[in-house]
Structures are given as C-alpha cells and as structure tokens.
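Asker: Handing you a structure now.
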Amino acid sequence: ALQPDGVIIVPAEPAVTQEFTDTMHEQGVPFVMLDSYLPALRPLSFYGQDSFSSGYFAARVLMMEAAGAQEIMLMKQMKNGSVVSKQQANREVGFRHYMETHYPEVSINEVNLPLDDTKDAYAAILEDYFIRHTLTRHCITFGSKAHLVGEFLQRTNRADVHIMGYDMVGKNAECLKKGSISFLIAQHAYQQGYSCVEALFRTIVLKKEVQPVNYMPIELIMKENIDFYRRTQL
C-alpha cells in the first residue's frame, strides 16, 4: 500500500485512534486532528472548538431562554455505553460545570437515542420521556442530531418544547427555521477541513512551521440570522 504524505484524523474510539497515530509516528507521517484535541497523541496541528468552553457557552445561552426551568432534557446518542466522540464528552463537562455552578437546582435528565436505531424506536423513547416529564420545555444535545428531537416535536405538535444543538446540517437548519430547534452552535466544518489541508501543505510542500493549536469561533445561529450564515466562508 502507498504511504500517505499526510493525514487528517477525526478521532473516534481512543484506543483505535492511538493505534493509528502510533503507526503514523513510526512511519514519519504528519497528521492533523479535526474536532477533538488529544495532545497526548502529538498531532502536527489541531483545528476545532474548545469543547469545554463550547459546552459552557451552550449552557449559558440555554439558560437565558430557560430561566425558571425545573428540568432540562439532555439527548445523547451512545455506543457501548459512551458517546461517540471525546469532543461531545468535553462539551458535556463544560455544560455541567456551568449548570452546577449557576443552576444546581435544575434537574438534567438524560435520554439515549441509540446509534443506528430507527425513527420509530426514537419516537417511542421520546414519547415515553415527555409523558413522564411534563415540565420539560428545553432540551440540549452536544452532537449534530438535534433534528431527531426537533422533527419529533413537530410531528407531535409540542410547540412549547425546543432543543438546542450543534452543526448547520440541512435537517437541523430546517428545524431551526420551523422553531423546534431554538439555537445551533456552528462548527465551521468547511473552514476546519480547508485549514487542515492547508496545514499539511505548509508542512510537507513549503517546509514551514504551523500553529499547533487552532481554536475555531463559537458562533450562535438562530432563526433570525440563519440565512446570513455561510458554511463555506473562510
């Protein structure tokens, strides 16, 4: 097999990622990390948000809307008992830190929508949750699938319940415009990917040094400004 000149890695399971990066180090192949920063793996560079700060920010924004709430639903998608990325886990740490500091009286109720399950299965889980938790008006998730809850809220006419999530994917954007998603935090995925390629180009071709840690902006998208957000903006 051909040896790559450089690699862009989106970390998944820690053990698998480390095995791969150890091989890259042994072969002298530079790699850049996208989304999740794992300094122990010694990447050439990293592009992504400060996940802890992002989760802290998300909590503060959510509570501006949810002042007086007694409970909040936290939707997760899990595999083998854990979320699928370190990034999401760190966002939750930041979120919980803010909540424990400023709103310790608010209950955070976790709901797991297992990866690769069906919409019908998700609907049953969510229906059961909202029947048992009649005070929930605000939800949050730290992945890109807020639309799973947003679309359910639309189908079941729960106009008084909203979810906050991440990423300007098409289905999330539609729910945001229709009101079932209240806020999205943008990740600038296009810009991150472009910057990763550029960092490898500067290192491999131009033989120049690159900035090792590059934190992306934490931007809030709402119904009122979504039409002015450009996913491909550099």
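Asker: Please compute the Kirkwood hydrodynamic radius of segment 1-88 from all pairs of different C-alpha atoms, in Å with one decimal.
Answerer: Across segment 1-88, the inverse of the average 1/r is 15.4 Å.
Asker: Of all the C-alpha pairs in segment 140-234, what % are more than 20 Å from each other?
Answerer: So the pairs more than 20 Å apart make up 45 percent of the total in segment 140-234.
Asker: Could you state the accessible area per residue of the chain in Å², with a 1.4 Å probe and every protein chain left in place?
Answerer: I get 52 Å² per residue for this part.
Asker: Another question about this same structure. Pick from PHE183, PHE130, PHE46: which is most flexible by mean-square fluctuation in a GNM of the chain where alpha carbon atoms under 10 Å apart are linked?
Answerer: PHE130
Asker: Antiparallel versus total DSSP beta bridges in segment 112-224: what percent is that, nearest 5?
Answerer: 30
Asker: Follow-up. When the Debye formula is applied to the Cα atoms of the chain, each taken as the same point scatterer, what base-10 log of I(q)/I(0) results at q = 0.17 Å⁻¹?
Answerer: -1.23
Asker: Using a Förster radius of 30 Å, what is the FRET efficiency between ALA121 and LEU38 based on their Cβ-Cβ separation? Nearest 0.05, please.
Answerer: Calculated value: 0.40.
Asker: On to the next question. Leaving out ligands, DNA and RNA, what percent of the accessible area of the chain is carbon and sulfur, probe 1.4 Å?
Answerer: Heavy-atom surface of the chain belonging to carbon and sulfur, 1.4 Å probe: 52 percent.
Asker: How far apart, in nm, are two points set 7 Å out from the Cα along the Cα-to-Cβ line at GLN3 and at ASN112?
Answerer: So the two model labels end up 4.2 nm from each other.
Asker: Would you mind checking the pairs LYS79/LYS178; LYS79/LYS119; LYS119/LYS171; LYS86/LYS171; LYS79/LYS223 and listing those with alpha carbons more than 26 angstrom apart?
Answerer: Listed pairs above 26 Å: LYS79/LYS178; LYS79/LYS223.
Asker: What net charge is computed for the residues neighbouring LYS208, neighbours being all others with C-beta under 14 Å from the C-beta of LYS208, Lys and Arg scored +1, Asp and Glu -1?
Answerer: In short, 0.
Asker: Then there is this: Provide the gained length on full extension for the span ASN157 to LYS177, in nm with one decimal, where the gain is 0.36 nm per separating residue minus the Cα-Cα distance.
Answerer: This chain segment gains 5.6 nm when fully extended.
Asker: Here's another thing I want to ask about it. Mind checking the angle between helix 189-204 and the chain's longest principal axis? C-alpha axes, 0 to 90 degrees, to the nearest 10.
Answerer: 10
Asker: Once you have the Cα-Cα distance between GLN70 and LEU206, take 0.36 nm times their residue separation minus that, and quote the gain in nm to one decimal.
Answerer: Result for the pair: 43.4 nm of gain on full extension.
Asker: Given the DSSP H assignment, sum -39500 (n - 2.57) over each helix run of at least 4 residues in the chain and divide by its residue total; what's the result at 222 nm in deg cm²/dmol, nearest 500?
Answerer: Result for the chain: -13000 deg cm²/dmol, rounded to the nearest 500.
Asker: Turning to a different aspect of this structure: Could you pull out which residues in segment 1-23 have an amide N less than 13 Å from a spot 7 Å beyond the Cα of VAL197, following the Cα-Cβ vector?
Answerer: Output list for this probe position: 8.
Asker: Report the residue, chosen from ASN112, ASN214, ASN157, that carries the largest GNM mean-square fluctuation when the chain is represented by alpha-carbon nodes joined by springs under 10 Å.
Answerer: ASN157
Asker: Now for a separate question. With a point put 7 Å past each Cα toward its Cβ, work out how far GLU13 is from PHE52 in nm, to one decimal.
Answerer: 2.7
The values are calculated or read from the model by the stated rules, or taken from the named source; none is laboratory data. This is a predicted model, so every value here is computed, not measured. Every residue, glycine as well, gets a Cβ built from its backbone with ideal geometry; the counts of neighbours run over all protein chains shown. SASA here: full protein model, heavy atoms, side chains in, ligands and nucleic acids out. Shrake-Rupley method; radii C 1.70, N 1.55, O 1.52, S 1.80 Å.
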